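The next block holds one structure in the form of structure tokens; read it before the comments.
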Amino acid sequence: QVQLVESGGGLVQAGGSLRLSCVGSGSIFSINAMGWYRQAPGQQRVLVATITSGGSTAYADSVKGRFTISRDNAKNTVYLKMNSLKPEDTAVYYCTAGILSFGAVRYIVYWGQGTPVTVSS
């Protein structure tokens, strides 16, 4: 069984910073792309940032220059460092990863349970 577990969310004032972490556990043989999405109340889930197994990154325009995605392949972990936070960054943040389990023949996309981030003005 494979699990992704996020942590690091919370309440922060505008202009502050948070670092989210997402750890994969279980029968993991390999992880390709990893990413972060967010879903604000009453809105659809949207992509925030992605990172390939080789370290190439991509960001939503709304977070470019403020957020940094990184990963530690040895720890099956992806991070999202969020600086200069704004009230409009308030959302539940979800991590996702394409994971090949031991004995499997294809990668499957897994999701974490989400961690809430609230930015007060």
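One table, with the values for the structure above:
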{"item": "The chain, relative contact order [Cα under 8 Å, separation at least 6], %", "result": "36"}
{"item": "The stretch 28-121: chymotrypsin sites (Phe, Trp or Tyr not before Pro) falling in loop per DSSP and having at most 16 other Cβ within 10 Å", "result": "Phe102, Tyr107"}
{"item": "Enclosed volume per residue, in Å³, of the convex hull spanned by Cα atoms of the stretch 63-121", "result": "101"}
{"item": "Pairwise label distance in nanometres, Arg45 with Ser30, each label 7 Å out on the Cα-Cβ vector", "result": "2.5"}
{"item": "Cα extents of the chain along the three principal axes, largest first (Å)", "result": "49, 26, 23"}
{"item": "Spacing of the two label points (7 Å from each Cα toward its C-beta) at Ser62 and Arg19, in nm", "result": "2.5"}
{"item": "Derived scalar couplings ³J(HN,Hα) [the stretch 67-78; Karplus, 6.51 cos²θ - 1.76 cosθ + 1.60; whole Hz; x for Gly, Pro]", "result": "10, 9, 9, 8, 8, 10, 5, 5, 10, 6, 10, 10"}
{"item": "Accessible carbon and sulfur surface of the chain relative to its total accessible area, %, 1.4 Å", "result": "50"}
{"item": "Accessible solvent surface per residue of the chain, calculated while the other protein chains remain in place, 1.4 angstrom probe, Å²", "result": "53"}
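The values are calculated or read from the model by the stated rules, or taken from the named source; none is laboratory data. The structure presented is a predicted model; accordingly, all values stated were derived computationally and were not measured. Cβ: placed from backbone, ideal geometry, glycine included. Neighbour counts: every protein chain shown. Surface areas here come from the heavy atoms of the whole protein model, side chains and all, with no ligands, DNA or RNA. Shrake-Rupley method; radii C 1.70, N 1.55, O 1.52, S 1.80 Å.
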